[in-house]
Amino acid sequence: DVYVKNQGKSKGIEVGYVLKKGDILYTGKDSECYISVKNSGYIKVEEKSSISFDEIDKVVKDGSKDSVRVVGSVIFSVKGIFGGGKSLNIRTGNAFATVRGTEFVVEFPREKTTVYVLEGSVYVAPLFSDNEEELAKKSILVKEGEKIEISEIDVINSTSFIKEGDEEGYGVFLSKKKKSLLASEKERFNKRMKILRELQKKRLKELEEKKKEYLKDPSKLFEE
């Protein structure tokens, strides 16, 4: 039960569908979807969740960016993809995150957002503004083995700090939101990441085999 909605029109999708700007991908109960990112990483949309693609490879002053919105639970395994001028911005209803290549989980069951960082680092801020540049400047670094939880009350409090120009108070407030991952959380997410890594290896192996086929017989490429 996986489907895409774009400009009010909804349709079921098959394996191999290429997502485009404006697409919102939904998963139903007991359903999940794996999205291949440039054949080098994966995004897993778990059951009863959605991810909307607001921007894909949008050109910005220092490179390009992708912007997505998340509802529910979405796992990102995108190490090595974002960086060198390419970034990924993620929004939920109350939080903003930006990443340049790592493994992490975003959970937003409509009430609060939790970002779990399994590898690398992610910058996170409460969604006190619609300006992504401002949000990025006010984001806090959440490192490997840490998590941060943002609620609607946190958005209200952070907005007050920003309006009052209390940078120090904002920084202290946000730093206190960070916590270490529990052993049970690490185990839970590591199992899910293991599946994603296995998928990546399988996909890369398939691509290498295809490459060999095309080198032997270039006509196959044009046929496909």
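The values are calculated or read from the model by the stated rules, or taken from the named source; none is laboratory data. None of the values given here were measured: they were computed from a predicted structure. Ideal geometry is used to build each Cβ from the backbone, glycine not excepted, and the neighbour counts take in all protein chains shown. What goes into the accessible areas is simple: the full protein's heavy atoms, side chains included, and nothing from ligands, DNA or RNA. Shrake-Rupley method; radii C 1.70, N 1.55, O 1.52, S 1.80 Å.
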Note to self: Go through segment 86-138 and report how many residues are farther than 23 Å from ILE162 by Cα, of a type outside the set (A, V, I, L, M, F, W, C) and open to solvent by 20 Å² or more (accessible area, probe 1.4 Å).
What the structure shows: 9
Next item on the list: Might you check whether a residue that is among the hydroxyl-bearing types (Ser, Thr, Tyr), part of a loop (DSSP other than H, G, I, E, B), under 11 Å from the mean Cα position of the chain (by Cα) and under 15 Å from GLU107 (Cα atoms) occurs anywhere in segment 70-77?
Entry: no
Item checked: When residues of segment 210-224 are limited to those that are of a type outside the set (A, V, I, L, M, F, W, C) and open to solvent by 90 Å² or more (accessible area, probe 1.4 Å), the one farthest from VAL37 (Cα to Cα) -> LYS216
Margin query: Tell me the residue from LEU207, LEU141, LEU182 that is hydrophobic (A, V, I, L, M, F, W, C), farther than 20 Å from VAL115 by Cβ and surrounded by fewer than 16 Cβ atoms within 10 Å (Cβ to Cβ), please.
Written below: LEU207
Notebook entry, point to check: Taking the stated definitions as given, is SER49 more than 11 Å from the chain's Cα centre (by Cα) and open to solvent by less than 10 Å² (accessible area, probe 1.4 Å)?
Noted result: yes
Margin query: Being more than 24 Å from VAL155 (Cβ to Cβ), surrounded by 21 or more Cβ atoms within 10 Å (Cβ to Cβ) and among the hydroxyl-bearing types (Ser, Thr, Tyr) is the requirement here; does SER77 meet it?
Written below: yes
Notebook entry, point to check: Are any of the residues in segment 179-195 touching a strand residue (DSSP E or B) at 6+ places or on another chain (Cβ under 7 Å), among the basic types (Lys, Arg) and free of Cβ contacts under 8 Å to residues at least 40 places away in the same chain?
Noted result: yes
Next item on the list: Could you please give the count of residues in segment 185-204 that are farther than 23 Å from THR113 by Cα and charged (D, E, K, R)?
Entry: 6
Check: Is it the case that some residue within segment 101-110 is β-branched (Val, Ile, Thr), part of a strand (DSSP E or B) and under 11 Å from the mean Cα position of the chain (by Cα)?
Finding: yes
Next item on the list: Specify the residue that is farthest from GLY80 (Cα to Cα); the eligible residues are those in segment 1-40 that are surrounded by fewer than 15 Cβ atoms within 10 Å (Cβ to Cβ) and basic (Lys, Arg).
Entry: LYS9
Margin query: Regarding segment 160-168, can at least one residue be identified that is in contact with a strand residue (DSSP E or B) (Cβ under 6 Å, 6 or more places away or on another chain) and open to solvent by 20 Å² or more (accessible area, probe 1.4 Å)?
Written below: no
Note to self: I'm trying to understand the selection: among the residues of segment 52-74, which are surrounded by fewer than 18 Cβ atoms within 10 Å (Cβ to Cβ) and of a type in the set (Asp, Glu)?
What the structure shows: ASP54, GLU55, ASP57, ASP62
